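Peer 1: Below is the structure I would like to discuss, written out as structure tokens.
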Amino acid sequence: MEVSHDKYVRMVYSTVAPPENPPVPTPEEVARYRKEMKENNCTIETVKILPHNIGYLKFNEFPDASVCRSALAAAMTSLNHTDAIIFDLRDNRGGYANSVALIASYLFDHPTHLNDFYNRAEKSTDQSWTLPPVPGNRLADKPAFVLTSPSTFSAAEAFSYDLKMLKRATLVGETTSGRGHMGMAHRIDDHFTIRVPGVRVVNPVSKTNWEGTGVEPDVKVNAADVLQTAEKLAVSKLQKN
């Protein structure tokens with residue numbers, strides 16, 4: 001990083017020759033991930049209903065939806081009858097785009113374009129959309145708030161940025177870490193691999209992302225006061241409605 005001035009560039013040395021192509025997770029690795037997610041409730045830390053019927057969900061990763069779909073859906077369903085919802089991403093270190101799309105789906109009543117992922121090596125673009133409307137969902141028109149901090153990383157930043165660009169949520173807290181690119185490994189020889197930015201996230205509204213700048217909250221407030229501030233904002237909005 002000191003030479004390239006790019007936080008994604010890493011030179012990795014291995015005593016064993018690295019594979020030519022990105023390795024596919026082994027069955028053991030998949031089983032270990034599933035076990036970890038089950039033991040940690042898919043990183044869902046708190047699900048509760050605050051005073052004034054405000055839903056609160058704190059989770060510290062966007063886990064693979066193919067593993068954690070039922071846990072994430074259960075958390076959202078438990079808050080389905082709330083009048084507003086707060087997502088606490090202050091300690092969320094990111095994860096999978098498929099769970100970003102899954103959770104965001106509860107906030108819209110129609111499929112919504114969230115992001116594009118441009119792969120530089122393949123010169124290809126993949127789109128990320130919310131899923132079809134969730135049957136019985138009542139959160140699509142309810143006020144939403146996202147709590148952020150400098151420890152809000154990657155996919156958590158994507159979730160925050162997408163909702164901000166779509167004017168679907170109010171962001172409260174501090175500016176996020178600023179990681180809008182994805183590193184990809186390239187083998188140099190039998191011992192060295194270099195990781196460089198390979199995938200760029202492009203938001204369909206802004207035509208850019210949060211790389212290097214972070215996601216700016218709509219309401220800036222220090223960490224100690226974030227939740228209390230979001231609750232007050234939610235109550236105020238509900239009273240106006």
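The values are calculated or read from the model by the stated rules, or taken from the named source; none is laboratory data. Please read all numbers here as calculations on a predicted model, not as lab measurements. No Cβ is skipped: glycine too gets one built from the backbone with ideal geometry, and neighbour counts run over all protein chains shown.
Peer 1: Which pairs have Cβ atoms under 9 Å, sit 6 or more apart or on different chains, and link a residue in region 24-36 that is without any contact (Cβ under 8 Å) to a residue 40 or more places away in the chain to one that is assigned to a helix (DSSP H, G or I)?
Peer 2: As it stands, the answer is P25/Y33; V30/V67; Y33/V67; R34/V67, since those pairs meet every condition given.
Peer 1: Being among the small types (G, A, S), at pLDDT 95 or above and touching an Asp or Glu at 6+ places or on another chain (Cβ under 8 Å) narrows it down to one residue among A140, A73, A101; which is it?
Peer 2: Details: A73 fails: touching an Asp or Glu at 6+ places or on another chain (Cβ under 8 Å); A101 fails: touching an Asp or Glu at 6+ places or on another chain (Cβ under 8 Å).
Answer to the selection: A140.
Peer 1: Can you give me the ranges of the strands (runs of 3 or more DSSP E) entirely in region 1-66 with at least 2 residues that are modelled with pLDDT of 95 or more and not charged (D, E, K, R)?
Peer 2: Numbers: elements: 10-13, 44-50, 54-59.
Once the strands (runs of 3 or more DSSP E) in region 1-66 are filtered for at least 2 residues that are modelled with pLDDT of 95 or more and not charged (D, E, K, R), what remains is 44-50, 54-59.
Peer 1: Is it fair to say T213 is under 22 Å from the mean Cα position of the chain (by Cα), surrounded by fewer than 18 Cβ atoms within 10 Å (Cβ to Cβ), more than 22 Å from D91 (Cβ to Cβ) and modelled with pLDDT of 90 or more? Walk me through how you get there before you give the answer.
Peer 2: Values: under 22 Å from the mean Cα position of the chain (by Cα): yes; surrounded by fewer than 18 Cβ atoms within 10 Å (Cβ to Cβ): yes; more than 22 Å from D91 (Cβ to Cβ): no; modelled with pLDDT of 90 or more: yes.
When the stated conditions are applied, T213 does not pass them.
Peer 1: Among V146, V134, which is surrounded by fewer than 23 Cβ atoms within 10 Å (Cβ to Cβ) and closer than 21 Å to N80 by Cβ? First the steps, then the outcome.
Peer 2: Details: V146 fails: surrounded by fewer than 23 Cβ atoms within 10 Å (Cβ to Cβ).
The unique qualifying residue is V134.
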